[in-house]
Amino acid sequence: MAGGPPIGIEIAGKVQLYKIKQGLEKCEQSCDMPLTPNEWPHPAQRVTITETNELPKYPLETYTDGSKDERKVGAGVAIYSNKQLVRSCKYKLYSCCSNNQAE
């Protein structure tokens, strides 16, 4: 929810890295090693853009919005199935929440 991986995955990764660095476990996979800046690939060379004329079709569409004024913070959700409104919800959030959190 915060844009990061789950804490369990983070901890497991740190534990494995510690074991590899301490020689307690062998690494059968190739590990990423830091590169010097002159070895960094140019960003334009790393991107592959594939164009298509087909638009994906999804059975459900979800639209969200949030806002904040001087006194209140709120968020709303509208769910559509086959272009028909199925459900709409609105939520009152704590006044300490920011507009970005509401969004």
Filter result for Tyr58 (aromatic (Phe, Trp, Tyr) and more than 21 Å from the chain's Cα centre (by Cα)): no
From the options Ala12, Ala78, residue that is surrounded by 10 or more Cβ atoms within 10 Å (Cβ to Cβ), touching a Leu at 6+ places or on another chain (Cβ under 9 Å) and not aromatic (Phe, Trp, Tyr): Ala78
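Here is a yes/no grid of residues against (1) surrounded by 11 or more Cβ atoms within 10 Å (Cβ to Cβ); (2) not acidic (Asp, Glu); (3) not in a helix (DSSP H, G or I):
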site	(1), (2), (3)
Gly4	no, yes, yes
Ile20	yes, yes, no
Lys26	no, yes, yes
Thr48	no, yes, yes
Thr52	no, yes, yes
Pro56	no, yes, yes
Thr64	yes, yes, yes
Lys92	no, yes, yes
Cys97	yes, yes, yes
Any chance Cys31 is outside any helix (DSSP H, G or I), at pLDDT below 75 and surrounded by 10 or more Cβ atoms within 10 Å (Cβ to Cβ): no
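The values are calculated or read from the model by the stated rules, or taken from the named source; none is laboratory data. Everything numeric in this text was worked out from a predicted model, so none of it was measured. For neighbour counting, all protein chains shown are included, and Cβ atoms are generated from backbone atoms with ideal geometry for every residue, glycine included.
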